[in-house]
Structures are given as structure tokens and as C-alpha cells.
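Participant: The structure follows.
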Amino acid sequence: MKPISRRTAVTLGGLGLAGTVVGGAGLLWTAQPGRTPFGDTVARSAFGAKSGEPLRQPTELKSRDGVLEVTLDAAPGQVRIGGRNAATLGYNGGLPGPTLRVRAGDRVAVTLHNGLADPTNLHTHGLHVSPEGKSDNPFVMIEPGDSFDYEFRLPADHPPGLYWYHPHHHGVVAAQVFGGLYGAIVVEDPLPIPVTRERVLVVSDLTLNAEGSLARATVAERMHGREGELVLVNGQLNPAVDIRSGERERWRIVNACVSRYLRLRLDGQELRLLGLDSGRFGKPKKVDEVLLAPGNRADLLVTATEGVAALRAVPYDRGDDGMMGGSGGSSPSEVTLATVTVADAGSGGNANALAPIPRQATPPDLRGATVTARREFVFEMGMGGMMGGGGMGFTINGREFDGARVDTTVQGGSVEEWTLTNASRMDHPLHLHVWPMQVIERAGRAVDSVLWQDVINVPARSVVLVRIAFTGFTGKTVYHCHILDHEDNGMMGVIDVRPAG
Ligand code: C2O
Ligand code: CU
Ligand code: CU
């Protein structure tokens, strides 16, 4: 490391003397000292407050006549982030990968090529499809250089909404998602939602080192769950969104961050939530903010009022791991994700001209259902080595993940009630593949609306009660903490849903 020069110290402003500088390709990469033993990382402040680029949309691949056939190439590549070159990972060279737009009843064929240095595979998060064979099978392993042909068949009554895809090879999930491997899946509405325009916002975070390549996570970061220095929307830093007053937009937002919770606000604008994950409210709900744990999605209607508004992720305390003197460092500061400028459209604003939002199909309600089985899942974090296995001690019911073991056997077609008990000092967002969960009770209080999610946050030292209808498919799959570092460290179990009879 060269000592910082006076001139760069001035350039860096807010970073002050803490930074060091490496020149490369005419770019200044500023670094925060002492952050990781693997090299310095680039602070967000080094990118300036504003990028101002208009928000892009990922490439869209749409099904036709009931079929979508795509090739996804998972590989390292170069992208531009905030006007700088960054060496990341991506599907088909993009970060995020292409948006797959499909319909209920479609057949989706994906050829995944592994151009990475480690094994990988593909998970269609939230889709209600078979977990077996070449469908959404988390046990598939694709070696570097190999390809695999997936085929996903969406049932004719598949719920419309926003889903996403990402790798799921145990042990490297956090690193591959952090590196840039994710993309959105839209299952189109049978009845279109009348809006002026629709946008997909894939929110992710990553950390780059001084050379512009991906920073490796420290042990502490893997314990706590890594959070990137840079928070991106569709791969962009603080992009600009231009709207005219009176317009109604539909924002489909994915939290693709490995560990970061997104408590989203867009003050001064009217926000109505159409749904979360695959769940839809009968009528859109007025909200001031939306909390998305890693893996969650929001389907949000924004009706624009003249002015400038920041889409912000405000601080959320997800607890600490009791290590490192309790310094959690979880989502500690506020981040501006995008800057929204609403120009006065005079009387030209069209929200009044838009048809009202049609009533959405009433979601099923399992509160009155007959429960076949009740189970408890206890989430714990211990010190590394204490479990005797040399792992980090991220367990569900005292056990770390073992792909060769079945932890939970369920009868197909049954309704179960699960008590999710978090015995640790950090939040854990529980995710179950294939079957969404209805939230029944949180911290002993009944939930008074019908709320379906496929990632459910279980706050530190708290209990959440959910019900699940194991219908439609049978087979083996997983449930896990969607802080992907926790999943990689063992907080995952195998569930086998057996045919009835
Ligand atoms: Cu989004 Cu099993 O994960
Ligand atoms: Cu999933
Ligand atoms: Cu966790």
C-alpha cells in the first residue's frame, strides 16, 4: 500500500485520512483499512452520492405459447458499477440476470451452464413446482464446466406474482449470490393490473476490494451474515427514476441480498402493497414502509406526487451474534437505493384515467383448517467447535445440515402447524421451498389478516406460528435460514413430503 497523497486525501473528502488509494485504469479505488484480512474494500462513499443513471431494466425473456426456453450461463464477468469496472459473477453477463416472464401452466426449460470455479445449481425461489428430478431440485450438483437441463412445469393455478432464481449448492450459496447470481421471475397476472408502467427492482449488495473484484467474507461476516458495502438496484448505485405526477407505477421488488434486511421507505409518495412473496391481499394495503427479509419480495403500487423522493432502506436491527463483543453491524446505516423525481404533469396525470385495481383472488385461509401434525423448529447459534463437529454451530433442532439425512417427513396433502422458535440473539428468516407458509401467530399474538409468505422472519428470542398445506407435489427438498451465510453454515434441514396412502 502506498501512503495516501495529499491530493487524493482532498479528493476523497468524507473518507479523510482513513483511506488509501490504488490507481488502476484511471480509476481511483478508495479503501477502508482493516476491514478484512483479505484486502481492503471499497467504501460506498467512494462512489459519490449520486450516480444519476436512469434505472435500467434487466433483459426480459418471455414465454410464448406456453413455453419458455432459455440458456443461463453462470460465469465471472466484468460489469460497470457506479461508472467503474467491477469483476463480479453473473448470469449471461448481467447483474442481475435476465427477468423470466412466464404464465401459470407454462413449461420453463432452462439449460444452466456452469462457468464458475465451484459447483452450482439453480433454485426457483417461491415457485410452486416439483422439487424432484430436473425441476426445482436443490440436490442437483453441476460441476464447473458442466451443463444441466432443468424443466419447471407451473401448475395451471400457479399464483401470479414475483419470484426469483439463484444458486443453491450448499456451502457456496452466499458467495455465489453475493457475487451477482440472481434474477427475477414474474408469473403474469391473469387479469392485468392497470398501471402507467411496471418496473422490476432487484436489490442486492456486494463488496469490492481495491482492485474492483469481489471481497471475501471474514469469519465474523460469515457468522453474522455478510452485508455488502454497495447496495444496488438492478446492478446500479442510486439510479434515477423519473415519473410524472398522477402516474401509477407497479414496482416489483426482490430482496436478493445475502443477509441485509430492507426496511423500505419512499416518503411523500402514496404506497399500496398488492402483495408479498406469492401472497396477494384482496385489496391493496396502504403502507408507509415495507420490511423485506433476505429472499422476500414486494409487489408495490406507487402513485406519484410531484417532488423528489429517495427510496431508502432505513436501519433495521437484526440482533447480534454474541461474538466480537456483540458488535453486530447489521444494516446499521440508512442507504439511498434510488432517487425518484416526479415532474408535474399538470392535468395530464393519468391515475384518474386508470381503471381501479381489480379485486384479487381471495387467498386460502388455513386458520380454520384441520391440522394433521404439529412440529417445533428451534433455531440456535453456538460457538464454533462447541457442537463437536467443528462447524459454526448454526443449527435447527440441534443439528447442522446433512443432505443425506431426512429431518422432517410429511404426508402429502396434509396441513401442518409449525412453531418456529428462535433461541438466538439474531433474527433468522425461515424459508421453505415449494410450499408457502401462512403466518398464524407472532410472539403469541394472532395475525388478524391472511398473510402468506415463503420467507418468514423469526425475530431474535421470539416465536412465530405458521401453517402449511403440503399440496400439489411430493418429494424431498429443504427449509433453511435465508441469511445465506447461516444456511451455508448448517442452518438448513431436509423435508420429505411422501405420497399419501
Ligand atoms: Cu431463496 Cu432455498 O432459497
Ligand atoms: Cu427458495
Ligand atoms: Cu439465520
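Participant: Mind jotting down a quarter of the surface of the convex hull over the alpha carbons of segment 194-348, in square nanometres, one decimal?
Facilitator: On the way: hull surface 41.1 nm².
If you wrap the Cα atoms of segment 194-348 in a convex hull and average its projections, you get 10.3 nm².
Participant: Now a separate question. Give me the one-decimal Kirkwood hydrodynamic radius in Å for segment 206-257, with the sum taken over alpha-carbon pairs.
Facilitator: Numbers: mean 1/r = 0.0722 Å⁻¹.
That comes to 13.9 Å for segment 206-257.
Participant: In square nanometres and to one decimal, what's the mean projected area of the convex hull around the Cα atoms of segment 366-498? Numbers along the way, then the final one.
Facilitator: Numbers: hull surface 30.4 nm².
Mean orientational projected area (segment 366-498, Cα hull): 7.6 nm².
Participant: Still on this structure, I have one more. Considering the options Val287, Thr341, Val219, tell which one lies farthest towards the positive end of the dipole of segment 194-348, charges being +1 on Lys and Arg and -1 on Asp and Glu at the Cβ, about the Cα centre.
Facilitator: Of the options given, the answer is Val287.
Participant: Follow-up. If each residue of separation counts as 0.36 nm, what is the full-extension length gain between Asp496 and Ala156 once their alpha-carbon separation is subtracted? All intermediate terms of the calculation are to be shown ahead of the outcome.
Facilitator: Working: separation 340, 0.36 × 340 = 122.40 nm, distance 2.40 nm.
Extra length from Asp496 to Ala156 when fully extended: 120.0 nm.
Participant: Let me ask you something else. What is the ratio of the Cα radius of gyration of segment 60-187 to 2.2 N^0.38 Å, with N the residue count, to two decimals? Show your work: numbers first, answer last.
Facilitator: Working: Rg = 14.2 Å, N = 128, 2.2 N^0.38 = 13.9 Å.
After normalising by residue count via 2.2 N^0.38 Å, the value is 1.02.
Participant: At 20 °C and 1.002 mPa s, what whole-number value in µm²/s does Stokes-Einstein give for the translational diffusion of segment 147-263, with Rh from the Kirkwood sum over Cα pairs?
Facilitator: On the way: Rh = 16.6 Å.
So the translational diffusion coefficient is about 129 µm²/s.
Participant: Could you tell me the calculated FRET efficiency between Ala446 and Phe139, based on Cβ-Cβ distance and R0 = 35 angstrom, to the nearest 0.05?
Facilitator: Values: r = 37 Å, r/R0 = 1.05.
For Ala446 and Phe139, the calculated efficiency is 0.45.
Participant: While we're on this one: For a label point 7 Å from the Cα of Ala117 along Cα→C-beta, name the residues of segment 60-95 whose backbone N is under 18 Å from it.
Facilitator: Taking a point 7 Å out along Cα→Cβ of Ala117, the residues of segment 60-95 whose backbone N falls under 18 Å are 74-79, 86-91.
Participant: What are the equivalent ellipsoid semi-axes of segment 413-491, built from the alpha-carbon gyration tensor (square roots of five times its eigenvalues), in whole angstrom, biggest first? Mind showing how you got there, number by number?
Facilitator: On the way: eigenvalues 78, 66, 16 Å².
Semi-axes (√(5λ), whole Å): 20, 18, 9.
Participant: Among DSSP beta bridges lying fully in segment 194-348, give the percent that are antiparallel, nearest 5. Can you show the working numbers first?
Facilitator: Working: 38 of 50 bridges.
Here the share of antiparallel DSSP bridges comes out near 75 percent.
Throughout, read-outs are computed from the coordinates displayed, never taken from laboratory work. As the structure is a prediction and not an experimental result, all values here were calculated from the model. So basically every Cβ, Gly included, is an ideal-geometry build from the backbone, and we count neighbours across all protein chains shown.
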